[in-house]
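The values are calculated or read from the model by the stated rules, or taken from the named source; none is laboratory data. These figures come from a predicted structure and were not determined experimentally. Cβ coordinates were reconstructed from backbone atoms using ideal geometry, including for glycine residues, and neighbour counts include every protein chain displayed. Surface accessibility is based on the protein's heavy atoms, side chains included, excluding ligands, DNA and RNA. Shrake-Rupley method; radii C 1.70, N 1.55, O 1.52, S 1.80 Å.
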Amino acid sequence: MQPASGTGDTFGTAVNTAAIDVVAAPPAPKKGRQDKSCPQNARAESMSGSPDRVMHMDKDVEVSQCDTAVKADQATYYVIDDLIEASGHVKMMRFGDLYTGDELKLKMDTGTGYMLDPTYHLASNNAQGQAKRIDFEGDDHAKVIDGSYSTCEGPDPDWYLKSSTMDIDRGRDTGSASHAVLYFDDWPILWAPEMPFPLSDARKSGFLAPTVGGSNRGGLDIETPYYFNIAPNRDLTLFPNFITQRGVQIGADMRYLEPTFNGETKLEILPHDAATGTDRWAISSVQNTVLAPGLTFNWNLNAASDDNYPNDFTRTITTAAQRLLGRGVDLTYAQPFWYASLRATGYQVLQDPLAPITQPYDRLPQFLFHAGRQDVGGFDWSTDFEAVRFWQPDMVEGDRYTFTPSLAYPMIAPGGFLTPKLSFNLTKYDLQDQAQGTPGQFTRSVPTFSLDSGLIFERDTELFGRDFTQTLEPRLFYVRTPYRDQSLIPNFDSADADVSYAQLFNTNRFIGGDRIGDANQVTAAVVTRFIEASGEERARFAIGQRFAFNQEEVTLPGELPASTSKSDLLFSALGRFSALLSGSADIDYSESTHSVNQANLVMRWQPGPKKLFNVQYLRDVQNGVQQFDTSGQWPILQRWYAVGRVDYSVPDHKIVQGLMAVEYKADCWVFRFGGQHTQTATAVSSTSTFFQLELNGFAQLGSNALEAIRLNVPGYQAVNQAPKPVNP
């Protein structure tokens, strides 16, 4: 040992008395141990012994090396063994974690030893506890004997885990307690022979906290998931679920992420449902694969055992409102200016007896090709080709071939634009199972000319005391498509396009490929925007209407031609008026009936963290829909929060979706309880209750209430989540 000066104080306050500073050269590293190349620093008011054998230190002792530092009243350092024995108000800091106790024995080179009657604090997750003894089995591994663990601060935590033996593995950020009892408010609430728990947000294998819930469709259900952290890019969750009125449901969720492919597969199986006497199951699988540069292969497969699956299992992978399960595969090759895709798609219909759905056509197969370039000598061109076979066992089947080239010449200036465009739709049908006397082949050739034009005016203005740039953008959009008789062509995939402001500027009033609407019409519209100096659009208002010069004749089967020469008046608005208030509106107003045919009004008010109110009004006269959907989150008392959603159907006089919950936020835990109502079919509903105790940084016990709340309340913030910064 050689005298030295200027050693720093590991714990922050320098020793101001007359002290002796010494530095010991690190011992030679032992085989299999990490070489600690930094020197050992020792400080005390008095020292005695042999610098190359044993050093006795007394009063305000400090010994440190690398990321380990020890303070005590007395200590003895055995130089050859690189061993320190300390007693009296012992404190040890290593890798940010703090341990205090009565006695410490520690080999500095290996990080092994023990501490008696310790308390500890882990820096990464603010966990703490006490024990009879801690055995240090390495720099990042410790064993707590007859100890406790909690992420609550203070000497009397609201919840804590007690265990005969507890392993703390800082290298893998995992903990494991043997013969563990979880206490809440000094009451034991859970016992387990082995209880793993996280020391950080990193993923790790082990049992997840069980979830407990119940509903009127299955009774009480208890789920005990087990998580396998197979690799950083792969994991598997198994979730046995005991449902009192049905039996044991087994589920699995596999996720994977590779350089050339990724996906997720979920599976649920309930052998011999006690309520129905049948086997019940559901599967959902998605994968995206890169076979070569530009070449991809993807699938999306969904299926269920029976029509009532979403009614009976509302918390599973087939949601309550999902009645059409899609399945498809596609192989696509893409280059910068073209792509080709080969697909096969189909559907499973989960029928509601009181609201049956017609089985959609399967596409077995479908080939798509698209190519296009912009600004080629000032022109934009594109071409699309589709060949598809439609299959449906109870209806007309057939093949459809469509070729659609188009050419446009955009003329754009700072204050406006003018874009003429010409396109052709060339279609051929080969049909089977046609009615007697109906031809099995059809061809259709339809040209379409459009002219899109608009002007842009700007001015500086002030609104609510703030400076804006306001635009005024009038727009005219003309379309000419001649009439072609398409009454004998079957309808495989066409439907009326949804009425909206954006649809006013489409050349075809139908979606799908079986109907090309005749048109000799112009759309007149105007938009105004309010734009801040930063470029952010704070508000936008638009109004438009379509005027037909000739009566439209092409219709879908069973429909009549439009009786008026002009469309409804369509209004669209979007505004983010402040950080507190935002909203949007889409309104379809009929001038002939002087009434609103469709409306979608949305407003969000968020005056502060955990304060939220959403309201939506939806009206669709044609489909008999009129709904008020309100949701929100609000503090009601100190530490108490209310959260809920009510989606009410006015014509049916009933709640379609509903959720009411109350949350209590303590310093280190949150309790949630409430109920949920879901309309799963026309005459079927599911009502469930839930509760959840979330122990911060440890586990969530009870139902998966947090997921239910987030799905039902847009913008919800967990009450134990730090507030997000809000821009004005």
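Which members of segment 412-427 meet the condition of being open to solvent by 80 Å² or more (accessible area, probe 1.4 Å), more than 15 Å from residue 508 (Cα to Cα) and not in a loop (DSSP other than H, G, I, E, B)? Once the filter is applied, which keeps residues that are open to solvent by 80 Å² or more (accessible area, probe 1.4 Å), more than 15 Å from residue 508 (Cα to Cα) and not in a loop (DSSP other than H, G, I, E, B), segment 412-427 yields only 412.
Among the residues of segment 422-448, those that are without any contact (Cβ under 8 Å) to a residue 40 or more places away in the chain and closer than 30 Å to residue 473 by Cβ comprise 422, 447. Out of 512, 544, one residue alone is of a type in the set (Gly, Ala, Ser) and free of Cβ contacts under 8 Å to residues at least 24 places away in the same chain. It is 512. Here segment 65-101 is the region considered, the condition is being assigned to a strand (DSSP E or B) and aromatic (Phe, Trp, Tyr), and the residue that is nearest to residue 44 (Cα to Cα) is 77.
Under the condition of being in contact with a strand residue (DSSP E or B) (Cβ under 6 Å, 6 or more places away or on another chain), surrounded by fewer than 16 Cβ atoms within 10 Å (Cβ to Cβ) and in contact (Cβ under 8 Å) with a residue 60 or more places away in the chain, the residues counted in segment 346-366 number 0.
Here residue 690 passes the criteria (1) more than 23 Å from the chain's Cα centre (by Cα); (2) under 22 Å from residue 217 (Cα atoms) except the one numbered (1).
Note on segment 397-411: among residues that are surrounded by 15 or more Cβ atoms within 10 Å (Cβ to Cβ) and of a type in the set (D, E, K, R), the one that is farthest from residue 455 (Cα to Cα) is 397. Entry remark, segment 490-509: residues being surrounded by fewer than 20 Cβ atoms within 10 Å (Cβ to Cβ) and over 21 Å from residue 453 (Cα atoms) number 7 in total. Among the residues making up segment 378-399, those that are among the aliphatic types (A, V, I, L, M) and within 40 Å of the chain's Cα centre (by Cα) are 387, 388, 395.
Taking each residue of segment 367-394 that is of a type in the set (S, T, N, Q) and looking for partners that are at pLDDT 95 or above and assigned to a strand (DSSP E or B) with beta-carbon atoms closer than 6 Å, six or more apart or interchain, yields 374/380; 382/372; 382/406; 383/371; 383/405.
Filter segment 660-695 down to the residues that are open to solvent by 30 Å² or more (accessible area, probe 1.4 Å), among the aliphatic types (A, V, I, L, M) and either touching a strand residue (DSSP E or B) at 6+ places or on another chain (Cβ under 7 Å) or under 12 Å from residue 709 (Cα atoms) (or both) and list them by number. Residues satisfying the conditions are 660, 662.
Of the residues making up segment 578-607, those that are closer than 30 Å to residue 718 by Cα and without any contact (Cβ under 8 Å) to a residue 60 or more places away in the chain are 580, 581, 582, 583, 584, 585, 600, 601, 602, 603, 605, 607. Of the strands (runs of 3 or more DSSP E) entirely within segment 562-659, those holding at least 2 residues that are more than 30 Å from residue 670 (Cα to Cα) occupy 569-576, 581-590, 595-608, 611-620, 625-637.
Reported count of residues in segment 548-563, each being within 45 Å of the chain's Cα centre (by Cα) and either under 17 Å from residue 504 (Cα atoms) or among the aliphatic types (A, V, I, L, M) (or both), is 6.
One residue is enough: does segment 480-498 have a residue meeting the conditions modelled with pLDDT of 95 or more and not in a loop (DSSP other than H, G, I, E, B)? Yes: one or more hits.
To keep it simple, each residue is scored yes or no on (1) in a loop (DSSP other than H, G, I, E, B); (2) at pLDDT below 80; (3) open to solvent by 40 Å² or more (accessible area, probe 1.4 Å); (4) charged (D, E, K, R).
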{"position": "17", "(1), (2), (3), (4)": "yes, yes, yes, no"}
{"position": "36", "(1), (2), (3), (4)": "yes, yes, no, yes"}
{"position": "48", "(1), (2), (3), (4)": "no, no, yes, no"}
{"position": "52", "(1), (2), (3), (4)": "yes, no, yes, yes"}
{"position": "58", "(1), (2), (3), (4)": "no, no, yes, yes"}
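Looking at 380, 433, 394, just one residue is buried (at least 16 other Cβ atoms within 10 Å of the Cβ) and either of a type in the set (Asp, Glu) or in contact with a Cys (Cβ under 6 Å, 6 or more places away or on another chain) (or both), and that residue is 380.
None of 260, 237, 265, 224 is open to solvent by less than 60 Å² (accessible area, probe 1.4 Å), of a type in the set (S, T, N, Q) and over 21 Å from residue 690 (Cβ atoms) except 265.
Taking the condition of being open to solvent by less than 80 Å² (accessible area, probe 1.4 Å) and in a loop (DSSP other than H, G, I, E, B), how many residues in segment 438-465 meet it? Here the count works out to 5.
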